[in-house]
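Here is the structure we will look at, set down as structure tokens.
What follows is calculated from the coordinates using simple rules that are stated; it is not laboratory data. Quick caveat: nothing in here was measured; it's all calculated off a predicted structure. Don't worry about glycine lacking a Cβ; one is built from the backbone with ideal geometry, like all the others, and counts go over all protein chains shown.
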Amino acid sequence: NKKAFVELLFWKSPSTVREMTEGYGTLQEGEGAGRRRIPPWTPQEEQELRELYWKYKEVEGEDLIGAILAHLSVPGRTRRQVVKQLVRL
């Protein structure tokens with residue numbers, strides 16, 4: 001590629017470098033930087049999050065986010081995801 005030197009002037013992720021060296025379009029679906037996409041919150045999960053927040057909000061001496069994570073019906077959400085969603089709501 002005659003213009004590869006221009007691409008080298010900018011920061012690259014490992015998946016982009018791999019694609020440059022192996023040829024464009026070689027990454028399969030689900031590989032690279034986008035593979036860790038966070039699944040969106042469903043309306044049911046948002047409602048459950050609201051209910052759990054109001055239920056455990058007033059409990060003294062207990063970690064609010066820890067209590068919510070322990071009682072979420074869908075496992076796999078991280079502490080950071082729950083906090084971000086609560087702030088958004």
For Cα pairs less than 8 Å apart in space and 6+ apart in sequence, what is the mean separation divided by the residue count of the stretch 40-88, i.e. the relative contact order in percent?
33
Around Met20, what is the net charge, scoring Lys/Arg as +1 and Asp/Glu as -1 over all other residues with Cβ under 9 Å from its Cβ?
-1
With a Förster distance of 35 angstrom and the Cβ-Cβ distance between Arg18 and Leu72, calculated FRET efficiency to the nearest 0.05 equals 0.45
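Please give the contour-minus-distance gain from Lys57 to Leu89: 0.36 nm per residue of separation, less the Cα-Cα distance, rounded to one decimal in nm. Intermediate values should be presented prior to the final figure.
On the way: separation 32, 0.36 × 32 = 11.52 nm, distance 1.47 nm.
My answer for the length gained is 10.0 nm.
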Cα→Cβ-extended label distance, 7 Å offset, between Val6 and Ile65, nm:
4.3
